[in-house]
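The values are calculated or read from the model by the stated rules, or taken from the named source; none is laboratory data. Source: prediction; values computed, not measured. No Cβ is skipped: glycine too gets one built from the backbone with ideal geometry, and neighbour counts run over all protein chains shown. For the accessible areas, the whole protein counts, side chains as well, though only heavy atoms, and no ligand, DNA or RNA atoms are used. Shrake-Rupley method; radii C 1.70, N 1.55, O 1.52, S 1.80 Å.
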Amino acid sequence: KNQVEQSPQSLIILEGKNCTLQCNYTVSPFSNLRWYKQDTGRGPVSLTIMTFSENTKSNGRYTATLDADTKQSSLHITASQLSDSASYICVVTTQNQAGTALIFGKGTTLSVSS
Amino acid sequence: DVKVTQSSRYLVKRTGEKVFLECVQDMDHENMFWYRQDPGLGLRLIYFSYDVKMKEKGDIPEGYSVSREKKERFSLILESASTNQTSMYLCASRGLAGEMFFGPGTRLTVL
């Protein structure tokens with residue numbers, strides 16, 4: 001069964017600290033993996049997209065990694081800010097009989113405190 | 001910038017009412033989606049549409065219907081709202097490059 005598992009479920013860190021969020025998937029075939037940031041009460045916004053051949057991709061203080069062999073991805077946030085408080089959702093794209101399908105993780109809720 | 005708008009940010013309805021949630025995108029995307037998001041369950045696909053007047057059931061279509069009369073507009077309909085349909089509803093559209101663009105969401109409460 002295609003699944004995306006994220007850990008931890010929630011995380012609290014102090015402003016200025018770094019953190020890493022994990023995403024493990026059992027999705028096949030694999031097309032790409034995206035990380036989304038979702039602020040409270042808002043829709044998700046894309047942070048990064050990674051294809052099979054990409055190992056690392058950065059977007060400002062956000063760095064995503066992908067290990068296609070172990071089917072793991074991580075999102076590293078450097079020098080966290082209060083505005084990083086949000087849910088982070090890992091989404092893997094696959095292909096099925098109906099076409100393109102997105103498999104969503106349940107998200108990690110990050111709280112950055114001062 | 002792609003823009004996906006939803007008709008309401010917050011909505012309160014009573015059990016049994018017919019509810020319309022509207023979604024409009026301005027990038028001429030063919031693919032549009034309706035999800036609901038609940039704590040601990042993540043996003044779940046209700047319905048999607050690949051073209052005008054075309055619709056496909058997602059993972060949890062029961063209790064919902066959709067309408068796509070124009071390419072830019074995708075409506076979600078709750079024929080007879082129930083309390084278990086209290087949720088955050090997210091509309092999304094997807095272009096040829098594959099990236100999903102989400103609307104701001106509608107927080108629906110059914111009393």
Test: B:Y35 is touching a strand residue (DSSP E or B) at 6+ places or on another chain (Cβ under 6 Å) and free of Cβ contacts under 8 Å to residues at least 60 places away in the same chain: yes
All positions within segment B:96-111 that are within 14 Å of chain A (Cβ to nearest Cβ), on the phi < 0 side of the Ramachandran plot, open to solvent by 10 Å² or more (accessible area, probe 1.4 Å) and touching a strand residue (DSSP E or B) at 6+ places or on another chain (Cβ under 8 Å): B:E99, B:F101, B:F102, B:P104, B:R107, B:T109
Verdict on A:T40 being modelled with pLDDT under 95 and either over 26 Å from B:C91 (Cβ atoms) or within 13 Å of chain B (Cβ to nearest Cβ) (or both): yes
B:Y47 vs. criteria within 13 Å of chain A (Cβ to nearest Cβ), over 25 Å from A:T48 (Cβ atoms) and assigned to a strand (DSSP E or B): yes
Top-ranked residue in segment B:1-42 [being among the aliphatic types (A, V, I, L, M) and either within 11 Å of chain A (Cβ to nearest Cβ) or in contact with a His (Cβ under 7 Å, 6 or more places away or on another chain) (or both); ranked as nearest to B:S80 (Cα to Cα)]: B:L41
Verdict on B:T86 being surrounded by fewer than 19 Cβ atoms within 10 Å (Cβ to Cβ) and touching a residue at least 60 places away in the same chain (Cβ under 8 Å): no
Flag for B:L11 being part of a strand (DSSP E or B), modelled with pLDDT of 95 or more and hydrophobic (A, V, I, L, M, F, W, C): yes
Check on A:V45, of a type in the set (A, V, I, L, M, F, W, C), closer than 19 Å to B:L43 by Cα and open to solvent by less than 80 Å² (accessible area, probe 1.4 Å): no
